[in-house]
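These notes concern the structure reproduced below.
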Protein chains: 2
Amino acid sequence: MPVERPRRRIPEATVARLPVYLRILAEQADLEVDRISSDRLAELAGVNAAKVRKDLSYLGSYGTRGVGYEVSFLVYQIRRELGLTHDWPVVIVGAGNLGQALAGYGGFGERGFPVAGVVDVDPSKIGTVLGGVRVRHIDELAQIVQSRRVNIGVVATPPAAAQDAAERLVRAGVTSILNFAPVVLTVPRSVEVRKVDLAVELQILSYHEQRRSDGQLRSVGAAGISRSASA
Amino acid sequence: MPVERPRRRIPEATVARLPVYLRILAEQADLEVDRISSDRLAELAGVNAAKVRKDLSYLGSYGTRGVGYEVSFLVYQIRRELGLTHDWPVVIVGAGNLGQALAGYGGFGERGFPVAGVVDVDPSKIGTVLGGVRVRHIDELAQIVQSRRVNIGVVATPPAAAQDAAERLVRAGVTSILNFAPVVLTVPRSVEVRKVDLAVELQILSYHEQRRSDGQLRSVGAAGISRSASA
DNA sequence: CCGGCTTTGTGAACGCGTGCACGAGTGTCT
DNA sequence: AGACACTCGTGCACGCGTTCACAAAGCCGG
């Protein structure tokens, strides 16, 4: 019997870092680097070396003590673990500003996520071509998902339409959603949702900026003045 | 002397949720809801009620037992804490697909992050207008940052140009960076960086999808077969 | 073949964030 | 006024993730 991998659950935090390691390792492979230490990989990934080793240890004991990891082998293992051994076609809902940019991005297909379709409700957008894909009516969503075996949907609609888009995706059979709309989506527990929210990111940065200027005021000026960073 | 707020450090996890609460509260205010319970807010934000209360407690004791929180007051407090009492102009580096989408997005300025400028290296892009802003040469970056008092920079360049873009931003005086390029940026510790990486998000979803199909194979088929989701 | 050098893999301690559970206020109704 | 229903604020325990530190393991030179 073949060696059945333990297949222990990989912590989410680790899963989120694996793609980063993968990208770096692929780059190193292009540079004809064939071995790499956890130290070096950690440096390139901007994390702690122990973390790298622990992360990689979830995949199995693929390093060699005293030597490091074989780059190409690691690439293979990570790709396998992330399910990147085959393509995952995605469907994009919403052909607005963002949907267009995503479809035209290109980096999508290259990285194993070809755009199987783009749909919208707006008749004026239907038929236009984005990144080699013709925009279709949202009623064709289910048909696209089924014929192209799509598991991943991208919500790139205005906020007000996002929940409906998500529901259509779920009904069509999609089990993972990447949500760009600034809305909390309600979906069955079995559906995996990840969100990318520009406004949230900027506001987090704003928080830190504000804190920074606060601190300056505090140390430079007299204490106790009412807070205002307006200057 | 005015009541100096404790100003204890707010956990990052909480900071990341405050913008979500803020958006929901603003919506509720528009709906003329003037009071809200932690339970209701939790439901709308898709989180636990205890978490909401703990998060809000970092801002101060602004709720009323037996009643809830006054929506408009909470909105004010969160905005203040996040530093959203004034605008934070941002500068976008890279006028490619993504940079254009971001500049044209509109939701930027509305939410307090007006686009102070867009720069690129490509002469063919300079002078074109995106979302009301003319694209300028990257050499003008420092000038823009200084004259418009920009603290936040957005990196929307191809991967190979991202590190250089970041360094230029830092040199120009930017202290927070939102990075869309799939690259780990190296910047002084004093600079805050947040990244938005499409490929990473999709690969995380891929991991879960793969895991899902794996599990199905495992329970449906016989055990111990080598793993391959190629079917 | 041995000793020294390198680097992995992981046990253990620590710290942060989450969620429970409950005391403490607040409003309402009789 | 008193009883009751409601909801906040928070102490506490738990679990996950990070980091340290070191033994185990492999390589190399003499």
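Amide H contacts of B:GLY112: none lie under 5 Å away among residues 5 or more positions distant or on a separate chain (H built 1.01 Å from N in the peptide plane; Pro and chain starts excluded). Short-range pairs are left out: with C-alpha atoms under 8 Å and at least six residues apart, the relative contact order of the range B:55-141 is 22 percent. For A:LYS51, the lysines whose Cα falls under 23 Å of its own Cα, not counting residues fewer than eight places away in the same chain, are B:LYS195. Spatial offset of the range B:142-175 relative to the range B:57-76 amounts to 38 Å, using the alpha carbon center of each.
Rounded to the nearest 500, the 222 nm mean residue ellipticity of chain A from helices alone is -14000 deg cm²/dmol, with -39,500 (n - 2.57) taken per DSSP H run of at least 4 residues. Each DSSP beta bridge with both residues in the range A:68-207 is either parallel or antiparallel, and the antiparallel ones are about 10%.
Could you check which residue among B:ALA45, B:ALA172, B:ALA95 shows the biggest mean-square fluctuation in a GNM of chain B with a 10 Å Cα cutoff? Result: B:ALA45 has the largest fluctuation of those listed.
Rounded to the nearest Hz, the phi-derived 3J(HN,Hα) couplings of the range B:185-197 under the Karplus curve 6.51 cos²θ - 1.76 cosθ + 1.60 (θ = phi - 60°) are 7, 9, 9, x, 4, 6, 9, 8, 10, 10, 10, 10, 10, where x marks glycine and proline. With viscosity 0.692 mPa s and temperature 37 °C, the Kirkwood radius over alpha carbon pairs of the range B:40-118 converts through Stokes-Einstein to a diffusion coefficient of 218 µm²/s.
Mean partner shielding of peptide B:94-100, defined as the number of other chain Cβ atoms within 10 Å of each residue Cβ, is 3. Considering only A:VAL174, A:VAL121, A:GLY109, the residue lying farthest towards the positive end of the dipole of chain A is A:VAL174, judged by Cα position with unit charges set on Cβ.
Extent of the range B:1-146 along its three principal axes (Cα atoms, max minus min coordinate, largest first): 62, 37, 25 Å.
For A:ILE177, nonlocal amide neighbours, meaning residues 5 or more places apart or on other chains whose placed amide H falls under 5 Å from its own, are A:GLY153, A:GLU192, A:VAL193, A:ARG194. Summarised as an ellipsoid, the protein assembly as shown has semi-axes of 36, 28, 26 Å, derived from the eigenvalues of the Cα gyration tensor scaled by 5 and square-rooted, with the largest first.
Residue-wise HN-Hα couplings along the range A:88-99, as the Karplus relation 6.51 cos²θ - 1.76 cosθ + 1.60 with θ = phi - 60° gives them from phi, are 10, x, 10, 10, 9, 9, x, 10, x, 3, 5, x Hz; Gly and Pro carry x. So if R0 is 30 Å, what FRET efficiency would B:GLU140 and A:VAL47 give, r being the distance between their Cβ atoms, rounded to the nearest 0.05? So the FRET efficiency works out to roughly 0.30.
When you restrict to C-alpha pairs under 8 Å that are six or more residues apart and normalise by the size of chain A, the relative contact order lands at 12 percent.
Taking every residue in A:74-81 and counting other chain Cβ atoms within 10 Å of its Cβ, the average works out to 1. Placing +1 on the Cβ of every Lys and Arg and -1 on the Cβ of every Asp and Glu, with nothing else charged, gives the protein assembly as shown a dipole about its Cα centre of roughly 1300 debye. For the peptides B:200-207, A:116-123, the ranking by packing is B:200-207, A:116-123, with the highest mean count of neighbouring Cβ atoms within 10 Å listed first. Can you classify the range B:98-173 as rounded, prolate or oblate using the Cα gyration tensor, where a ≥ b ≥ c are the square roots of its eigenvalues, rounded means a/c under 1.5, and otherwise it's prolate if a/b beats b/c and oblate if not? It comes out rounded by the Cα gyration axes. Between identical copies, the spacing of A:GLN146 label points, each set 7 Å from Cα toward the C-beta atom, reads 6.4 nm from nearest to farthest.
Bear in mind these aren't lab numbers, they're just calculated from the coordinates by the rules spelled out. Small disclaimer: the values here were computed from a predicted structure and weren't measured. Positions of Cβ are backbone-derived with ideal geometry, glycine not excepted, and every protein chain shown enters the neighbour counts.
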